[in-house]
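To keep things clear, I will list the structure first and then write my remarks on it.
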Amino acid sequence: MPQDFNKEWREKASIDYFSPFITLWLACNSWYMYHYADLNDLHPGDNKANDRHYIDKLKTDTSSRNHLYVKFADMIALEGKDGIAFRTDIELLHYALERAEISSDKTGFCSFRSAVIDYANKNSPIDLIKNPHLKQDGTVYTDEQDDVIKLDQIYITSNVQHCFAGIFEIIYQVRNMLVHGRLCPEKEEHEVVKYCYRLLWVLMS
């Protein structure tokens with residue numbers, strides 16, 4: 001009599017995002033160290049540029065030189081299925097972070113509601129989530145439309161640089177916690193890593 005091994009094979013087929021996320025971060029790390037090699041000119045000798053210098057540069061550079069920011073700005077405004085998928089992944093990262101309740105020893109609670117835009121002022125995070133007033137048909141009132149971006153069901157600030165900086169800092173902190181063994185390998189944390197991976201994959205493409 002044949003046995004049904006559906007459950008067992010599905011479990012083996014599930015994707016473990018922990019390792020691919022770290023590998024993808026290595027690609028990102030290689031890119032920004034090469035792309036912003038001139039940062040070492042500002043930090044000669046023993047004070048050469050470290051990861052924090054590169055991350056801060058990426059978070060503040062909104063020029064065409066910063067491929068990651070340009071891609072983020074393009075995708076968050078993009079119409080069609082690819083734009084919808086990207087915005088949905090941002091929203092799902094928000095929910096995953098709320099469920100996992102992970103905290104970095106560098107920036108504190110990792111959340112869209114306490115996003116670290118400027119690491120030098122990390123004790124003054126901002127809230128990326130917005131709650132605009134809605135009409136009966138579910139649309140945002142005209143005087144607030146320019147202040148928000150709708151993801152799937154929720155809204156975030158229309159300040160794209162703040163969104164990029166806050167989300168990229170979260171991705172970086174998740175990377176740090178994972179590499180240094182401070183991230184619990186449970187379902188909730190895995191969901192956070194999954195959406196960090198999915199977003200970074202798009203930004204690096």
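The values are calculated or read from the model by the stated rules, or taken from the named source; none is laboratory data. Just so it is clear, the structure is predicted and the values come from calculations on it, not from any experiment. In this analysis, Cβ positions are derived from the backbone assuming ideal geometry, glycine residues included, and neighbour counts consider all displayed protein chains.
Out of the residues in the stretch 152-172 that are of a type in the set (A, V, I, L, M) and not in a helix (DSSP H, G or I), state the one that is farthest from Lys81 (Cα to Cα). Talk me through it step by step, then tell me what you get.
Kept after step one, since they are of a type in the set (A, V, I, L, M), are these residues of the stretch 152-172: 154, 156, 160, 165, 167, 170-171.
Imposing the further condition that a residue be not in a helix (DSSP H, G or I) reduces the set to 154, 156.
Working: Ile154: 18, Ile156: 19 Å.
Per the stated criteria, the residue is Ile156.
What tally of residues in the stretch 151-204 results from selecting those that are more than 13 Å from the chain's Cα centre (by Cα) and farther than 21 Å from Glu79 by Cβ?
15
Residues of the stretch 2-60 being part of a loop (DSSP other than H, G, I, E, B), over 23 Å from the mean Cα position of the chain (by Cα) and closer than 27 Å to Glu191 by Cα, which ones? Give the derivation first.
Of the residues in the stretch 2-60, the ones part of a loop (DSSP other than H, G, I, E, B) are 2-5, 14-17, 36-38, 43-44, 48-50.
Next, from what is left, pick out any that are over 23 Å from the mean Cα position of the chain (by Cα): 2-5, 37-38, 43-44, 48.
Selection gives Phe5 alone.
In the stretch 151-162, is there at least one residue being β-branched (Val, Ile, Thr), at pLDDT below 95 and surrounded by 14 or more Cβ atoms within 10 Å (Cβ to Cβ)?
Just the residues of the stretch 151-162 that are β-branched (Val, Ile, Thr), to begin with: 154, 156-157, 160.
In the following step, the residues that additionally are at pLDDT below 95 were identified as none.
Within the stretch 151-162 (the criterion being β-branched (Val, Ile, Thr), at pLDDT below 95 and surrounded by 14 or more Cβ atoms within 10 Å (Cβ to Cβ)), the answer is no, since none of the residues qualifies.
Here is a yes/no grid of residues against (1) acidic (Asp, Glu); (2) touching a Pro at 6+ places or on another chain (Cβ under 8 Å):
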site: Pro125; (1), (2): no, no
site: His133; (1), (2): no, no
site: Gly138; (1), (2): no, no
site: Asp146; (1), (2): yes, no
site: His162; (1), (2): no, no
site: Ala165; (1), (2): no, no
site: Leu178; (1), (2): no, no
site: Tyr197; (1), (2): no, yes
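Only one of (1) closer than 17 Å to Cys163 by Cα; (2) crowded, with 20+ Cβ neighbours inside 10 Å fails for Ile102. Which number is that?
That leaves (1) as the condition not met.
Check Asp89, Asp16 and return the single one that is surrounded by fewer than 14 Cβ atoms within 10 Å (Cβ to Cβ) and not hydroxyl-bearing (Ser, Thr, Tyr).
Details: Asp89 fails: surrounded by fewer than 14 Cβ atoms within 10 Å (Cβ to Cβ).
When all the criteria are applied, what remains is Asp16.
Spot the failing condition for Phe72; the list is (1) under 20 Å from Leu24 (Cβ atoms); (2) outside any helix (DSSP H, G or I), and only one is missed.
Unmet condition: (2).
Looking only at the stretch 104-146, which residues are part of a strand (DSSP E or B), farther than 30 Å from Arg182 by Cα and without any contact (Cβ under 8 Å) to a residue 24 or more places away in the chain? Outline the logic, then answer.
As a first pass, look at the stretch 104-146 and keep what is part of a strand (DSSP E or B): 104, 108-109, 115, 126, 129-130, 134, 140.
Right, trim to farther than 30 Å from Arg182 by Cα and you get 130, 134, 140.
Leu134, Val140, listed by residue number.
Working only within the stretch 165-205, note down all residues that are more than 21 Å from Asp61 (Cα to Cα) and in contact with a Cys (Cβ under 7 Å, 6 or more places away or on another chain).
Val174
Report the residue count in the stretch 6-59 for those that are under 25 Å from His162 (Cβ atoms) and of a type in the set (Val, Ile, Thr).
1
Please specify each residue of the stretch 127-150 satisfying the condition of being more than 25 Å from Thr107 (Cα to Cα) and exposed (fewer than 12 other Cβ atoms within 10 Å of the Cβ).
His133, Lys135, Gln136, Asp137, Gly138, Thr139, Tyr141, Thr142, Asp143, Asp146
Counting only residues that are modelled with pLDDT of 95 or more and of a type in the set (Lys, Arg), which one in the stretch 66-112 is nearest to the chain's Cα centre (by Cα)?
Looking at residues that are modelled with pLDDT of 95 or more and of a type in the set (Lys, Arg), I get Arg87.
Search the stretch 173-196 for residues being part of a helix (DSSP H, G or I) and touching a strand residue (DSSP E or B) at 6+ places or on another chain (Cβ under 9 Å), and hand back the single one that is farthest from Phe109 (Cα to Cα). Quick ask: steps written out before the conclusion?
Residues of the stretch 173-196 that are part of a helix (DSSP H, G or I), as a first pass: 173-179, 187-196.
Now drop any that are not touching a strand residue (DSSP E or B) at 6+ places or on another chain (Cβ under 9 Å), which leaves 173-174, 176-177.
Details: Gln173: 10, Val174: 11, Asn176: 14, Met177: 12 Å.
If we take residues in the stretch 173-196 being part of a helix (DSSP H, G or I) and touching a strand residue (DSSP E or B) at 6+ places or on another chain (Cβ under 9 Å), then Asn176 is farthest from Phe109 (Cα to Cα).
Can you find a residue in the stretch 144-164 that is among the charged types (D, E, K, R) and under 27 Å from Lys57 (Cβ atoms)?
No.
Just name the residue that is surrounded by the fewest Cβ atoms within 10 Å (Cβ to Cβ) out of those in the stretch 35-85 that are among the small types (Gly, Ala, Ser) and over 30 Å from Tyr155 (Cβ atoms). It would help to see each step written out before you state the result.
Initially, the stretch 35-85 is screened for residues among the small types (Gly, Ala, Ser), giving 37, 45, 49, 63-64, 73, 77, 80, 83, 85.
If we keep only those that are over 30 Å from Tyr155 (Cβ atoms) too, we end up with 37, 45, 49.
Details: Ala37: 11, Gly45: 6, Ala49: 20.
Among those that are among the small types (Gly, Ala, Ser) and over 30 Å from Tyr155 (Cβ atoms), it is Gly45.
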